[in-house]
Amino acid sequence: MAKFKHNNFLDTVDEVFTDAMKSGVLHLYSEDEQFTGRRIRIGDRDLFHFGTTGYLGLEQDPRLKRAAIDAIEKYGTQFPLSKSYVSFVLYRALEERLFQMYSNPIVVTKNSTLGHIGVIPCVVRDEDAVIIDHQAHWSMHNACQLLKPRGIPVELIRHSNLDMLEDKIKELSTRCSKIWYLADGIYSMYGDCAPIPELMYLYNKYPQLYLYFDDVHGMSWVGKNGTGYVMDQLKTLPERVLLFGTLSKSFGASGAVLVSSDADMHRRIKTFGGPLTFSAQLEPASVAAACASADIHLSDEIYVMQNQLADNIHYFNTLLSLTDLPLIEKNNCPVFYIGTGMPVTGYNFVNRLMKEGFFVNLGIYPGVPVKNTGVRLTISRHNQREEMKSLVEAMVYHYPKALEETATTRNKVRKAFHLPIEEQVKGKEDIVPVKEDLTVQHETTIQALNKNDWNQWMGGNSVFDWDGLRFLEDTFHNNELEEHNWSFHYITIRDKQQQVVLATFFCKALWKDDMLAPAAVSKQIEEKRKQNPYHLTSPVLAMGSLFTEGEQCYINREHPAWSDALRLLLHHLELLDEKLNTSMLVLRDFKQDETLNEFFHNQGFIKVDMPESCIVESLNWKTPEEYLLTLSARSRKHFRSDIQPFEQYFDIEYKQSASDQNIDIFYTLYENVRSRNFDLNTFSFPRKLFANMAKNPNWEFIVAYLKKEYDPREQRIPVGVMFCYKNTNTTYVPSFIGMDYEYIQQYQVYRQLLYQTIKRAQQLGFSKIDFGMTAAFEKRKVGAAIIPKVAYVQPKDNFTMELVSGIQNNTVHA
């Protein structure tokens, strides 16, 4: 019943990337007539290149170039034949060299993305399970999508969280044969390393555990024969470990290589590995260049190159250590990440560095959490000391200016990355500069605010007029269960003339992390909650409350300082969020607005779709016939077939109060609906809520009974109830519904309650009905206008964001 459109991951990424493209930092073109690796030409500027993944610079080695040219002249530009039939003549030479490098059987693939698509579905059997690090490369996450139709459990864990990993291994070991853990060797954004020794401890402890590493960013610059970070840690490849390296990036050619010490597994992959069988082979030029690179890797020259790069890395680390730039991960890898926090700060910083003559990469969502935007720098053998020193000097100069121009601070960035706070500036950065003299009033009870003022700003919607909020404060307070206790925060921002520019309220409450995830995800998680009711739940600071919906933030867009007021609100919320120690900040129920969308994204929020709001405003009719005229022709047909004929079966009563027995019945009917609504997966409300409704004059119950001749039960028990709030600003609010599912289809209980609610609102003289979220298709049929709504969320990591966005559809989450 409560169906709505879930968020599409690609739509979210499209919006993020589009903003970055508008800022001139993404989807650029190089304009070089020749390329040396040290510089890159973007537009009309020659920039020092600090964005390459060719860390050893082998792509410019004359031996690789000569080999590629000779291969094209001898064999042409491609070998258009599947490897299942015939491999290109140079493949054997390449495979022999790679076998010599790794001392293990290998399979050459077109690239690592196609390699994962070929290998993961091949090695993971139907009786197995997969656990994947949430920061593992997208190509592995994408390949795992092929496992889901086969019913294979795919578990997501937080980044390098070994306790979480071990818990999942224990859980899966009783029902699965092999348990695969997928991770990167070197993670491509921060440059942090997989905890190989700790993973090998688990490997030795659990015989069912198989490890699968993508080490393309660890290739060539470290390890014996340049076989990469993972092999450098392992020394020899265990039988239950699969490893992907690259023939691109540092290797200097093209393609990827899978390594397996299990001869039978290697045979099965090579015999039939999906795209390994059907995709085109590597081009002759690529195979020949890879052979030339492999010869270098098999010689002592590779260690000379590794040492040269290590000297550059050490020098750059030394330069950074003399600054206060927030380097996120310090190690001996060629990937460096300077945190900027908000996307807008990252855009500003990157553009400043490009104007100074340096090309760097921007790290943005989904590669990193949205509030962990930053500048990714890579060091290669191409870089010279003079430009490395100049780059660091430029960053030291421009970093504080980028922070200042985007109204953020060093400590805000450090907090976002969980870095130590700079004590010398602590407390001095609490004021965000705004153009107008604006003041913030923060109260924790609605009773501290003037009733008439609040209702003027916020009183026309849902249950968040002054009286409604007082009711909610009384209800969600001093309860037994954590999820039934909320803290309320009322924020108003005024200018120096005391004119209100912005007013809103927030609640801190316990949310299910999958509240907006697809129903299939929530159903699987709920199975786990039978053992642990608080599995995957988090405290959230959210605009409005879990009980209310609608435009829960008043912004005077006519005021010249409205954007400054929003900025000040976010600053205040950041401090409050830190104090309350929540996992996510949510600004919800905004209408589609490109200006706000860009503003919030630049401040580190991601837009997600909310269930649509449903509003009825056509209540100026007096008879059912006049009501019908307000509907479309299709809706009139629906009314005559699915609503009007069933009205005769019901006795409808309007109750202003209820006995304890009736409250128990109402609560049961409500739980019938809530427990089935996985599309909006929330905690239950306390029974106290319904008892308070029965005592509050602003609430009433529309109760549907079947007439005696149609109800086979001995007792007169309702088959449906609508819980309705009478908002002081002429709005009728059917907040929740309860139903007996034994009768819902036969007597069209849901549709009848919608119609009876409309009749009741018109009878009482209300001018509007807030029909709430979900089931928009049904509510449209009875005359509701459907209003798309969005939320802007700022989770503390991508793990939570993936659940909120619903991008891991049908995937079980750890």
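The values are calculated or read from the model by the stated rules, or taken from the named source; none is laboratory data. These numbers come from a predicted model, not from an experiment. Here Cβ is always computed from backbone atoms with ideal geometry, including for glycine, and neighbour counts include all displayed protein chains. Surface accessibility is based on the protein's heavy atoms, side chains included, excluding ligands, DNA and RNA. Shrake-Rupley method; radii C 1.70, N 1.55, O 1.52, S 1.80 Å.
Please indicate, with yes or no, whether at least one residue in segment 443-465 is among the hydroxyl-bearing types (Ser, Thr, Tyr), assigned to a helix (DSSP H, G or I) and open to solvent by less than 40 Å² (accessible area, probe 1.4 Å). Within segment 443-465 (the criterion being among the hydroxyl-bearing types (Ser, Thr, Tyr), assigned to a helix (DSSP H, G or I) and open to solvent by less than 40 Å² (accessible area, probe 1.4 Å)), the answer is no, since none of the residues qualifies. If the condition is being surrounded by 15 or more Cβ atoms within 10 Å (Cβ to Cβ) and either on the phi > 0 side of the Ramachandran plot or modelled with pLDDT of 95 or more (or both), then segment 144-160 contributes only Ser160. Of the helices (runs of 4 or more DSSP H) lying entirely inside segment 126-213, those containing at least 2 residues that are farther than 30 Å from Tyr55 by Cα and hydroxyl-bearing (Ser, Thr, Tyr) span 196-205. When restricted to residues that are at pLDDT below 90, open to solvent by 40 Å² or more (accessible area, probe 1.4 Å) and within 17 Å of Asp324 (Cβ to Cβ), segment 365-416 contains 1.
Output the residue which, of all residues in segment 85-118 that are within 30 Å of Tyr181 (Cβ to Cβ) and assigned to a loop (DSSP other than H, G, I, E, B), is most open to solvent (accessible area, probe 1.4 Å). Among those that are within 30 Å of Tyr181 (Cβ to Cβ) and assigned to a loop (DSSP other than H, G, I, E, B), it is Ser103. Gly43: at positive phi, surrounded by 19 or more Cβ atoms within 10 Å (Cβ to Cβ) and over 31 Å from the mean Cα position of the chain (by Cα), yes or no? Here the answer is no, as Gly43 does not meet what is asked.
For the residues Asn461, Asn478, Asn452, Asn532, the requirement of being free of Cβ contacts under 8 Å to residues at least 40 places away in the same chain, within 25 Å of Asp770 (Cα to Cα) and of a type outside the set (Lys, Arg) singles out Asn452.
Scanning segment 514-528 turns up no residue that is surrounded by 16 or more Cβ atoms within 10 Å (Cβ to Cβ), of a type outside the set (A, V, I, L, M, F, W, C) and under 21 Å from His572 (Cα atoms).
Among the residues of segment 167-203, those that are of a type in the set (Val, Ile, Thr) and open to solvent by less than 10 Å² (accessible area, probe 1.4 Å) comprise Ile169, Ile179, Ile186, Ile196. Taking the criterion of being among the charged types (D, E, K, R) and either within 25 Å of Lys330 (Cα to Cα) or in contact (Cβ under 8 Å) with a residue 60 or more places away in the chain (or both), the residues of segment 146-177 that qualify are Lys148, Glu155, Arg158, Asp163, Asp167, Lys168.
Is it true that Glu73 is acidic (Asp, Glu), in a helix (DSSP H, G or I) and either touching a Lys or Arg at 6+ places or on another chain (Cβ under 8 Å) or surrounded by 15 or more Cβ atoms within 10 Å (Cβ to Cβ) (or both)? No: the conditions fail for Glu73. Looking at segment 373-414, which of its residues are among the polar types (S, T, N, Q), part of a helix (DSSP H, G or I) and over 26 Å from Ala310 (Cα atoms)? Result: Asn411, single match.
Per the listing Lys695, Lys707, Lys726, the residue uniquely surrounded by 14 or more Cβ atoms within 10 Å (Cβ to Cβ) and modelled with pLDDT of 95 or more is Lys726. Can you tell me which residue within segment 329-361, out of those that are modelled with pLDDT under 95 and among the aliphatic types (A, V, I, L, M), is surrounded by the most Cβ atoms within 10 Å (Cβ to Cβ)? The residue in question is Met342.
Once segment 732-742 is narrowed to residues that are touching a Phe, Trp or Tyr at 6+ places or on another chain (Cβ under 9 Å) and farther than 9 Å from Tyr670 by Cα, the residue that is most open to solvent (accessible area, probe 1.4 Å) is Ser735.
Based on what the data block shows, is Lys496 of a type in the set (Lys, Arg), surrounded by fewer than 16 Cβ atoms within 10 Å (Cβ to Cβ), in contact (Cβ under 8 Å) with a residue 60 or more places away in the chain and not in a strand (DSSP E or B)? Judged against the criteria, Lys496 is a match. In the set (1) within 16 Å of the chain's Cα centre (by Cα); (2) hydrophobic (A, V, I, L, M, F, W, C); (3) buried (at least 22 other Cβ atoms within 10 Å of the Cβ), the condition left unmet by Met584 is number (3). Counted as qualifying within segment 248-297 are the helices (runs of 4 or more DSSP H) with 1 or more residues that are open to solvent by 10 Å² or more (accessible area, probe 1.4 Å), at pLDDT 95 or above and not charged (D, E, K, R), namely 284-297.
Out of Thr630, Thr623, Thr682, which single residue is touching a Gly at 6+ places or on another chain (Cβ under 6 Å) and either open to solvent by less than 40 Å² (accessible area, probe 1.4 Å) or of a type outside the set (A, V, I, L, M) (or both)? Even if it seems obvious, please write down each step before you answer.
Details: Thr623 fails: touching a Gly at 6+ places or on another chain (Cβ under 6 Å); Thr682 fails: touching a Gly at 6+ places or on another chain (Cβ under 6 Å).
The match here is Thr630.
Picking from residues in segment 773-798 that are under 21 Å from Glu626 (Cα atoms) and of a type in the set (A, V, I, L, M, F, W, C), the one that is surrounded by the most Cβ atoms within 10 Å (Cβ to Cβ) is Ala784.
Hey, any hits in segment 562-574 for a residue that's open to solvent by 30 Å² or more (accessible area, probe 1.4 Å) and within 27 Å of Asp770 (Cβ to Cβ)? Working first, answer last.
Here is the first cut: in segment 562-574, the residues open to solvent by 30 Å² or more (accessible area, probe 1.4 Å) are 562-563, 567, 572, 574.
Then drop every residue that is not within 27 Å of Asp770 (Cβ to Cβ), which leaves 562.
Yes, because at least one residue in segment 562-574 is open to solvent by 30 Å² or more (accessible area, probe 1.4 Å) and within 27 Å of Asp770 (Cβ to Cβ).
The single condition among (1) open to solvent by 20 Å² or more (accessible area, probe 1.4 Å); (2) more than 26 Å from Arg760 (Cβ to Cβ); (3) assigned to a loop (DSSP other than H, G, I, E, B) that Gly604 does not meet is (1).
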